[in-house]
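Engineer: Have a look at this one before I ask anything.
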Amino acid sequence: MYYSYSIIFLINMKQKHCKLVLVTGGAGYIGSVTSKLLLENNYRVVVIDNLSSGKITAIPQGAKFIKGDVGDINLLRKVFTKYKFDCVMHFASLISIADSIKNPEKYFKNNVVAGMNLLQEMVATGSCRRFVFSSSAAVYGAPKAIPINEETPSNPLNPYGQSKKIFELFLKEYTNSRIIDCIVLRFFNAAGAYITEDGIWGEDHRPETHLIPLLLKTALKQTKIIINGNDYPTPDGTCIRDYIHVYDVAKAHILAMDNMARGFAVYNVGTGIGYSNLEVLQMAQQVIGQKINYKIGKRRVGDCPILIADVEKIKKELRFKPEKSDLKTIIQDAWLFCQNQLKKYK
């Protein structure tokens, strides 16, 4: 039995110019939720995903699925020749900070080179002009001022963040040349699950590296969590992050598409509120009603102490307002997803 929310996000359908959307990485966590939300709001969706980390079961019913890699020029040429897209939403990327430090070449190849192939074929075929890029707060590194606004210098601490920054620079040059129009969304810590009457879409990376699912899977005895460092310059010594519900991240992508102007724009996607790792732990224990055992480990290379978004720009220009991003709701939805996954595999 799935739970549905009484409040449904409605896109302003007066803007009829966006009808067919290409979603790269649409079998992944955020890409699949965005695809679902697009379909709910009467858009047609084509998904490209190589299923290296995404799951075919996550692709919502109604989306056209093409299995393949966004780095495959021949495949892209066929897709862009066959379809005339109103917008491309690019989610396909590798996302693990720790893995990027161990395997930087893999991240630059996937997140930069493959992305360039996507842009090249999109432009060469004339299939589409508008592009929404799913970027990351990791581009900021360890900023001196908190909260972080979009003018904060980009100084990534790891290859993952560097790969996002480099691709942003390519996008800006394309827009400066008036080849495309683009909005870059730098979202902070996406979490939670999207729950509808016909399904549930949540975070299930393999291996899992994100705090909230790790906490919940520890409670279900599927793993053991280690809090990475308690000697940061924060009130309780653990890292502080800005958590935003995956539904709200998906909503931001659709708002960006529907309100895109000519040129290049960057927006933070967050709440402007930060929680430490231990505060998230305490809320998770409150939500599930049990203690979660954990250990304190060493700092993780590439982590910065505090990442909190300044979200005034996206609120003002895109009229973005998070609906489900209070920490309790995020964890409640993630917990329902974890329990559902446990039942599925029993």
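The values are calculated or read from the model by the stated rules, or taken from the named source; none is laboratory data. Please read all numbers here as calculations on a predicted model, not as lab measurements. FYI the Cβ positions are ideal-geometry reconstructions off the backbone, even for glycines, and counts take in every protein chain you see. Each accessible area value is taken on the protein alone, full model and side chains, heavy atoms only, with ligands, DNA and RNA left out. Shrake-Rupley method; radii C 1.70, N 1.55, O 1.52, S 1.80 Å.
Engineer: May I ask you to compute the full-extension gain from LYS64 to ASN340, defined as 0.36 nm times their residue separation minus their alpha-carbon distance, rounded to one decimal in nm? Write down the numbers at each step before the final one.
Structural biologist: Working: separation 276, 0.36 × 276 = 99.36 nm, distance 2.55 nm.
Answer, rounded to one decimal: 96.8 nm.
Engineer: For segment 123-164, what does the alpha-carbon gyration tensor say about shape, rounded, prolate or oblate, given a ≥ b ≥ c as the root eigenvalues, a/c under 1.5 as rounded, and a/b over b/c as prolate?
Structural biologist: Values: a/c = 4.08, a/b = 2.23, b/c = 1.83.
In terms of gyration-tensor shape, prolate.
Engineer: Moving on to the next point. Listed highest first by mean packing, meaning other Cβ atoms within 10 Å per residue, what order do 81-89, 121-129 come in?
Structural biologist: 81-89, 121-129
Engineer: Here is a follow-up. Considering only DSSP beta bridges whose two residues both sit in segment 181-299, what percent are antiparallel, to the nearest 5? Could the numbers behind the result be given before it?
Structural biologist: Values: 5 of 18 bridges.
Of all bridge pairs located within segment 181-299, approximately 30 percent are antiparallel.
Engineer: How would segment 110-208 be classified by its alpha-carbon gyration tensor: rounded, prolate or oblate, with rounded meaning a/c under 1.5 and the a/b versus b/c comparison settling the rest? Numbers along the way, then the final one.
Structural biologist: Details: a/c = 1.86, a/b = 1.14, b/c = 1.63.
In terms of gyration-tensor shape, oblate.
Engineer: May I ask you to derive the relative contact order of the chain, considering only C-alpha pairs under 8 Å and at least 6 residues apart, and to give it as an integer percent?
Structural biologist: Normalised by residue count, the contact order of the chain is 19 percent.
Engineer: A further question on this structure: Using 0.36 nm per residue, how much length does the chain from THR329 to LYS106 gain when fully extended, once their Cα-Cα distance is taken away? Present the calculation step by step, with values, prior to reporting the outcome.
Structural biologist: Working: separation 223, 0.36 × 223 = 80.28 nm, distance 3.50 nm.
Between THR329 and LYS106, full extension yields an extra 76.8 nm.
Engineer: To the nearest 10 degrees, how steeply does helix 327-345 sit against the main Cα axis of the chain, on a 0 to 90 scale?
Structural biologist: Once rounded, one gets 90 degrees.
Engineer: Additional query: Just need the relative contact order of segment 153-229 here, percent rounded to a whole number, with Cα pairs under 8 Å and 6+ apart. Walk me through the numbers before you get to the answer.
Structural biologist: On the way: 33 pairs, mean separation 8.9, N = 77.
With pairs under 8 Å counted, the relative contact order is 12 percent.
Engineer: Something else: Provide, for segment 245-346, the number of lysine pairs with alpha carbons under 21 Å apart, each pair being eight or more places apart or on different chains.
Structural biologist: Within segment 245-346, the lysine pair count is 11.
Engineer: If you rank ARG178, ARG319 by how much accessible surface each has, with a 1.4 Å probe, what is the order from largest down? If you can, show how the numbers build up before the last one.
Structural biologist: On the way: ARG178 185, ARG319 155 Å².
Ranked list, largest accessible area first: ARG178, ARG319.
Engineer: For percent of Cα pairs over 31 Å apart, one of (1) 52; (2) 29; (3) 37 was computed from the structure I shared and the rest are decoys. Which label?
Structural biologist: Answer label, from the structure shown: (2).
Engineer: Out of the GluC sites (Glu not before Pro) in segment 160-259, which ones are loop residues according to DSSP with at most 12 other C-beta atoms within 10 Å?
Structural biologist: Of the GluC sites (Glu not before Pro), the ones in loops of segment 160-259 whose Cβ has at most 12 other Cβ atoms within 10 Å are GLU197.
Engineer: Quick one: work out the % antiparallel among DSSP beta bridges in the chain, nearest 5. Spell out each step's value before the answer.
Structural biologist: On the way: 5 of 44 bridges.
Expressed as a percentage, antiparallel bridges in the chain total about 10.
Engineer: Sticking with this structure for a sec: In Å², what does the accessible area per residue of the chain work out to with a 1.4 Å probe?
Structural biologist: Values: 15910 Å² over 346 residues.
Per-residue accessible area for the chain comes out at 46 Å².
Engineer: Moving on to the next point. First measure r as the distance between the Cβ atoms of GLU312 and ILE73, then evaluate 1/(1 + (r/R0)^6) with R0 = 45 Å and state the FRET efficiency to the nearest 0.05. Write out the running numbers ahead of the final one.
Structural biologist: Numbers: r = 40 Å, r/R0 = 0.89.
With R0 = 45 Å, the Cβ-Cβ based efficiency is 0.65.
Engineer: Roughly how many nanometres apart are two label points built 7 Å out from the Cα toward the Cβ at LYS295 and ILE179?
Structural biologist: Those two pseudo-labels are separated by 5.0 nm.
Engineer: Which percent of the accessible heavy-atom area of segment 59-181 goes to carbon and sulfur, probe 1.4 angstrom?
Structural biologist: On the way: 2980 of 5750 Å².
Carbon and sulfur together cover 52 percent of it.
Engineer: Considering Cα pairs under 8 angstrom that are at least six residues apart, work out the relative contact order of segment 159-293 and quote it in whole percent.
Structural biologist: Numbers: 163 pairs, mean separation 46.3, N = 135.
For segment 159-293, the relative contact order is 34 percent.
Engineer: Shifting gears a bit: Helix-only estimate, please: 222 nm mean residue ellipticity of the chain, summing -39500 (n - 2.57) across DSSP H runs of length 4 or more and dividing by its residues, to the nearest 500. Before the final figure, lay out the partial values.
Structural biologist: On the way: 11 runs with 122 residues, N = 346.
Helix contribution divided over all residues of the chain: -10500 deg cm²/dmol.
Engineer: Something else: For segment 194-346, rounded, prolate or oblate, judged on the Cα gyration tensor with a ≥ b ≥ c (square roots of eigenvalues), a/c < 1.5 rounded, else prolate if a/b > b/c? Mind showing how you got there, number by number?
Structural biologist: On the way: a/c = 2.20, a/b = 1.30, b/c = 1.69.
Verdict is oblate for segment 194-346.
Engineer: With all protein chains present, calculate the accessible area of ASP72 using a 1.4 Å probe and round the result to the nearest 10 Å².
Structural biologist: 60 Å²
Engineer: Okay, next question. Could you calculate the contour length gain from ASP198 to THR57, that is, 0.36 nm times the residue separation minus the distance between their Cα atoms, to one decimal place in nm? Display every interim value, and only then the final one.
Structural biologist: Numbers: separation 141, 0.36 × 141 = 50.76 nm, distance 1.26 nm.
Value of the extension gain: 49.5 nm.
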